[in-house]
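The values are calculated or read from the model by the stated rules, or taken from the named source; none is laboratory data. Predicted model only: the values in this text are computed from it and were never measured. Here Cβ is always computed from backbone atoms with ideal geometry, including for glycine, and neighbour counts include all displayed protein chains.
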Amino acid sequence: MILNITVKPNSKVDQFIVDQENKIKVKIKAPAKEGKANKYLISYLSEIFDIPQSYIQLLSGLNASHKRINLLVEEKYLLNILEKQKGIK
């Protein structure tokens, strides 16, 4: 399933947010240098969704804050986790 997310690197804390409009925002501690933020993002999403990093593919947005991510999981599984994350700050 493909997700469109907005990533904010260099944050004080790691945070995964699904807002009321179902937009996904991810704050990560890693700096946006030399691909460190992208690697960290994949690692962080792996923890959030409890899946191996190899199940996460960065489709677009390599050098941008808006990214398209493909998660190789069933839609029902993913939607369940997103619903649990909604409103958690």
Practice prompt. Can you give me the ranges of the strands (runs of 3 or more DSSP E) entirely in the stretch 10-60 with at least 2 residues that are basic (Lys, Arg) and under 23 Å from Val73 (Cα atoms)?
Written response: 24-27
Fill in: Selection count, the stretch 29-78, where residues are of a type in the set (A, V, I, L, M) and touching a residue at least 40 places away in the same chain (Cβ under 8 Å)
5
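Listed residues Ile48, Ile5, Ile17, Ile42; which is within 15 Å of Gln85 (Cβ to Cβ) and modelled with pLDDT of 95 or more? Show your work before the answer.
Details: Ile48 fails: modelled with pLDDT of 95 or more; Ile17 fails: modelled with pLDDT of 95 or more; Ile42 fails: within 15 Å of Gln85 (Cβ to Cβ).
The unique qualifying residue is Ile5.
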Fill in: Top-ranked residue of the stretch 63-89 - restricted to ones that are modelled with pLDDT of 90 or more and in a loop (DSSP other than H, G, I, E, B), ranked as nearest to the chain's Cα centre (by Cα)
Ser65
Worksheet entry | Qualifying residue in the stretch 15-29 (condition: surrounded by 14 or more Cβ atoms within 10 Å (Cβ to Cβ) and polar (S, T, N, Q)) | yes
Worksheet item: How about the stretch 80-89: which of its residues are surrounded by 12 or more Cβ atoms within 10 Å (Cβ to Cβ) and without any contact (Cβ under 8 Å) to a residue 40 or more places away in the chain?
Response: Ile81
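I'd like the residue in the stretch 43-57 that is under 20 Å from Asn10 (Cβ atoms) and crowded, with 16+ Cβ neighbours inside 10 Å and, out of all such residues, is farthest from the chain's Cα centre (by Cα). Let's see the steps before the verdict.
Let us first name the residues in the stretch 43-57 that are under 20 Å from Asn10 (Cβ atoms), namely 43-45, 47-48.
Restricting the remaining residues to those that are crowded, with 16+ Cβ neighbours inside 10 Å gives 44-45.
Numbers: Tyr44: 7, Leu45: 5 Å.
Among them, the one singled out is Tyr44.
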